[in-house]
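Reading through the structure tokens given below for one structure.
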Amino acid sequence: MSIEDTSSTQLGTAAGEDPPAPAEASLGEAAPPPSGAVRRPTETWDGPPGSGSRPALEAESLRDGSQVWLGVESALTVVRELGRGGMGTVYLVHDPRLGREAALKVVRDPTPDRVERFRREAEITARLSHPAIPPVYDAGQTREGLDYLLMRHVSGRSLAERFDRYHERRVRRSRSGRRMPVPRDLLEVLVKISEALAYAHSRGVLHRDLKPQNVLLGPFGETVLLDWGLALDTSSGEEVRSEMVGTVGYMAPEQARREPVDARADVFGLGALLTEALTGRLPAEGETVSEVLEHLRAGAVRRPSELVPDLPPELDAIAARATAGDPAKRYPDAASFGEDLRSYLAGLPVSVYRESPVRRVRRLLAQHPTLVVAIVLGLAGATLIARARAWERAAVIREAQSEVSSLRRRAAQGLGDPLGHAWGLLTAGRRWYALAPDDPDAKRALHVAALRLGDLALESGQWTLARRAYGEAAGLGINDSLIGAKLERVAQHEAAEVEYRRERIELALEVVDTCEEPPRAALDELVFHGATRGGLRQLLRALELAAKDLAWAEVRLLLGQADLAQPKDPGLLQLNEALIELRERAPTEPLLKAHADALAQARARAVERARAQGLQVADYWALLALRQREACVDSLRRGAALIEVLRRLVRLESAQRSVFHYGCFVADRASALAAAEVLVDLGAGRSALGPVEKYGTDSEEARAILARLRERAR
């Protein structure tokens, strides 16, 4: 068990807090680490590991059969070091080809476990597309062989600093006898974090290391959730081992007890952040790390009201439900936690607190201040109330209009993140348009903001965001022909990306076919580009073709042909294909039994012919393996590589048939049992029996697979 400090792994920190580094520094000469004390030490247990733009090609310049090499090597200029963590070092780099700045994370002390976890972070983060999760531009290895992850750079300060400032002011005011109001801005940040986690959970990803240091707050309202190095992909069937992962004080009790976790572990982290936002303390504390862990394992978690009295009871109830020691008593997911916080901010009742009648009346009165004024000043009459409401509405509209103008001026100055400016301008434009839908200026402001965000998203390769932004502009009825052309351009870029991924998969498969042992880089390429729906379908088709080639090898052997010619007996070919389709569906049918008997006799004759020719074979499968290695080398190599890729990638039921087909035709015990293990991981226990029973169940590997099936059945 190792302890690492990950409190400085944010991808963006304030520029004024880092010591300047030479502008021409390279990755081989990293900038010195930042000086000064860290905000607070955080002990983190590390668990087990689990393209740039291409030059446009003229279609008429390409000939049929010619090779196209995609990807251009480029050098990134290191501007300065942004921070260091337990797993990697983050640099601010400049891309001269695209003229943009980015955050480059490079693995530190590349041990095998750390490199594996780093690559898993790249794979998981690349699949997550959410405004609160930094997008991945590229991932791979530098020329020096260091694994890297290139992401969008976001400037700002960590949530930990915001917590410190708020509680310093709270302590000062409490000493003077004044009460600090509830930090609504911090609650809004927690709502955004819960939304990002709810999205990640919907994709089967758990963060497992929530803490203030991993939340970055930008200068224009951005909230970014960082450091997915300890994330767990639950959709892959990945299980937690005996090591603890997470940060002491924020990890859930089941993490401290080394038990399997689900989305409720991240809900505990949200509750710990809420408790710290309200009190400046953590739900479980102690003099030493061991003492904190003992409290967590025992479920000894304190409510915020036990630390600071006079807190709003709704917030105290939300935090207590999120940090319950028993996972069954917590919120079931991050979305439910965020919904209750959002209801509190809107002045609505929350699901975990039952209001008293007096408090309900107070809340309703607070929600309707104009009604209170009408009751107190009843003699003023309906006219005065109507004028007050009209003045209030006009003031809010003027405020929204002023916000749009202010954001436009900031964007024109070119300071900060252009995409962040565009997000803020679109949000302000929506607010103005919602308040004054009949105002043509409000409609025009929303149209311009949506177009600006769509253009920036299109330039940065975020096609989904671009389509949504252009779609919002299209609904306003202003210059729809221009928006239609932009949407068509987005569709072209999406199609080009799909084609690019298809070509990269084909190139990686060609490398696999030509190598005795598939290179790790080729397998990583297949995993990276096969993570999409289209890429996964392409990998499954390749596996089906490999299995089909192996099935043809069996037919040729049964017909006594050693060459690659088509079989002369179509009836026997049909018999073989019928057995493939009907073997498990109806094993007791008389016709199928006759087919099975005929096939068994044909296999026995094939062995006899081989022995008559002087071949040293013990049984039919040894003969088939010999013929396959002579005639289907590419299919064998490709099938073995695809099984390894699918073990890491496949999440769909459509893969079961392809893996079963391959496992039943490969004449190699190890490959067949590997296919059976993948089927067990996919939950297809009955299909896994086919490859296992092909070679008998007396081997140690086969018995291990059968034991796993029996355990899952219980």
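Tell me, in nm to one decimal, what length is gained between Thr288 and His493 on full extension, where the rule is 0.36 nm per residue of separation less the Cα-Cα distance?
Values: separation 205, 0.36 × 205 = 73.80 nm, distance 5.44 nm.
Once the chain is fully extended between Thr288 and His493, it gains 68.4 nm.
Using 1/(1 + (r/R0)^6) with R0 = 51 angstrom and r between the beta carbons of Ala612 and Arg520, what's the FRET efficiency to the nearest 0.05?
Working: r = 44 Å, r/R0 = 0.87.
Efficiency, rounded to the nearest 0.05: 0.70.
Using Cβ contacts closer than 10 Å as the measure, can you line up Ile193, Ile643 from fewest to most?
Details: Ile193 27, Ile643 22.
Least to most surrounded, the residues fall as Ile643, Ile193.
Give me the distance in nm between label points sitting 7 Å out from Cα along the Cα-to-Cβ direction at Val633 and Lys593, one decimal.
In this crude spin-label approximation the distance works out to 4.5 nm.
Rounded to the nearest 0.05, what FRET efficiency do Asp480 and Ser405 have when you use their Cβ-Cβ distance and R0 = 30 Å? Can you show the working numbers first?
Numbers: r = 26 Å, r/R0 = 0.87.
According to the calculation, E is roughly 0.70.
So if we plug the beta-carbon distance of Ser343 and Asp438 into 1/(1 + (r/R0)^6) with R0 = 41 Å, what FRET efficiency do we get, rounded to 0.05? All intermediate terms of the calculation are to be shown ahead of the outcome.
Numbers: r = 30 Å, r/R0 = 0.74.
Plugging the Cβ-Cβ distance into 1/(1 + (r/R0)^6) gives 0.85.
Quick check on packing: order 137-149, 444-456 by the mean number of other C-beta atoms within 10 Å, highest mean leading.
444-456, 137-149
For Thr247, Thr288, what's the fewest-to-most ordering of other Cβ within 10 Å of each Cβ? Walk me through the numbers on the way to the answer.
Details: Thr247 25, Thr288 9.
Lowest count first: Thr288, Thr247.
Suppose each label sits 7 Å from its Cα in the direction of the beta carbon; what would the Glu259-Ser699 distance come out to in nanometres?
3.9
Taking 0.36 nm per residue of sequence separation and subtracting the Cα-Cα distance, how much length would be gained by fully extending the chain between Val182 and Glu355, in nm to one decimal?
Working: separation 173, 0.36 × 173 = 62.28 nm, distance 1.87 nm.
Fully extending the segment from Val182 to Glu355 adds 60.4 nm.
Please arrange Ser460, Ser405, Ser176 by counting, for each residue, the other beta carbons lying within 10 Å of its beta carbon, fewest first.
On the way: Ser460 17, Ser405 11, Ser176 6.
Listing Ser460, Ser405, Ser176 from fewest to most nearby Cβ atoms yields Ser176, Ser405, Ser460.
For the peptides 494-502, 221-229, what is the packing order when you average, over each peptide's residues, the other Cβ atoms within 10 Å and list the highest mean first?
Ranking, from highest mean packing down: 221-229, 494-502.
When only alpha-carbon atoms count, how far does the range 377-478 stretch along each of its three principal axes, as whole angstroms with the largest first?
Projected onto its principal axes, the Cα set of the range 377-478 covers 61, 30, 18 Å.
Say a paramagnetic label sat at a point 7 Å from the Cα of Thr142, along Cα to Cβ; which residues of the range 96-121 have their backbone N under 14 Å from it?
So the set is 103-110.
Taking the Cα-to-Cβ direction at Arg712 and at Arg97 and moving 7 Å from each Cα, how far apart do the two end points lie in nm?
4.3
All of the numbers you see were taken from the coordinates with simple rules; none came from a lab. What you see is a predicted model, and the numbers here were worked out from it, not measured in a lab. Neighbour counts are summed over all protein chains in view; Cβ atoms, including those assigned to glycine, are modelled from backbone coordinates with ideal geometry.
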